[in-house]
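What follows is a short report on a single structure.
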Amino acid sequence: MKIRSRLKHGAAGLLARFISRNNDYQGFWTLGVLYSSVRVAPWRVELNLISGAAYPTNKITTSVAAEQLAFLRTALSKQNVAWHCLKRATLTVQFNAQVQVGYTGTTGEPFVCIVELESLTGQSAKVSHVGRCAAWAPGLFSGRAGHLFPQL
């Protein structure tokens, strides 16, 4: 399989896992918690999955970046893509986005999530998803069993 196909497969897997309702931060949906931590313009989270850096920098975004970095490393190794061959790996979430979202049965504002991977040889893959997300707030959503209230 070509490197671009393997990068696209890894990016799509990361995106699907990231937006999944099973992806949680301290027992609550990660996207909702991230949204609550960036409730001012530009309503954007950027994770550098090579260095583990996050913008804006706070406890939640840094923790999420580290978790997604570990997942991406594992996913790419399963695709036989050496970690040192990556030039760029980013995960960006734009909350409160000005996009059309089809009926999803959920409430909240539109978001766009984009995963971009680029190899040192210039091969790249970009996948995105549009959905809806409401910001996490204490008492508004129930968490999984044994959850803790996220420390914002």
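Contact annotation: residue pairs with Cβ atoms under 8 Å, 6 or more positions apart or on different chains, pairing a residue in the stretch 108-120 that is within 23 Å of Val38 (Cβ to Cβ) with a partner that is open to solvent by 30 Å² or more (accessible area, probe 1.4 Å) and among the charged types (D, E, K, R), are Gly108/Arg132; Glu109/Arg132; Pro110/Arg132; Phe111/Arg132; Ile114/Lys126; Val115/Lys126; Glu116/Arg88; Glu116/Lys126.
Residue-by-condition table, conditions (1) over 15 Å from the mean Cα position of the chain (by Cα); (2) under 21 Å from Pro56 (Cα atoms); (3) crowded, with 18+ Cβ neighbours inside 10 Å:
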site: Ser77; (1), (2), (3): yes, no, no
site: Val81; (1), (2), (3): yes, no, yes
site: His84; (1), (2), (3): yes, no, no
site: Thr90; (1), (2), (3): no, yes, no
site: Gln100; (1), (2), (3): yes, no, no
site: Ile114; (1), (2), (3): no, yes, no
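If you go through the stretch 58-74 and keep only what is over 21 Å from Gly131 (Cβ atoms) and among the small types (Gly, Ala, Ser), you end up with Ser63, Ala66, Ala70. Residues that are at pLDDT 90 or above, over 15 Å from Ile114 (Cα atoms), open to solvent by 60 Å² or more (accessible area, probe 1.4 Å) and touching a helix residue (DSSP H, G or I) at 6+ places or on another chain (Cβ under 9 Å) do occur in the stretch 36-54, at least one of them. From the list Tyr35, Tyr55, Tyr25, the lone residue that is touching a Cys at 6+ places or on another chain (Cβ under 8 Å), among the hydroxyl-bearing types (Ser, Thr, Tyr) and within 26 Å of Arg132 (Cβ to Cβ) is Tyr35. Would you be able to tell me the number of residues in the stretch 116-152 that are at pLDDT 90 or above and exposed (fewer than 15 other Cβ atoms within 10 Å of the Cβ)? Number satisfying all stated conditions: 5.
The values are calculated or read from the model by the stated rules, or taken from the named source; none is laboratory data. Just so you know, these numbers come straight off a predicted model, no measurement behind them. Here the Cβ is made from the backbone with ideal geometry for all residues, glycine too, and neighbour counts use every protein chain on show. We work out accessible area using only protein heavy atoms, side chains counted, and drop any ligands, DNA or RNA first. Shrake-Rupley method; radii C 1.70, N 1.55, O 1.52, S 1.80 Å.
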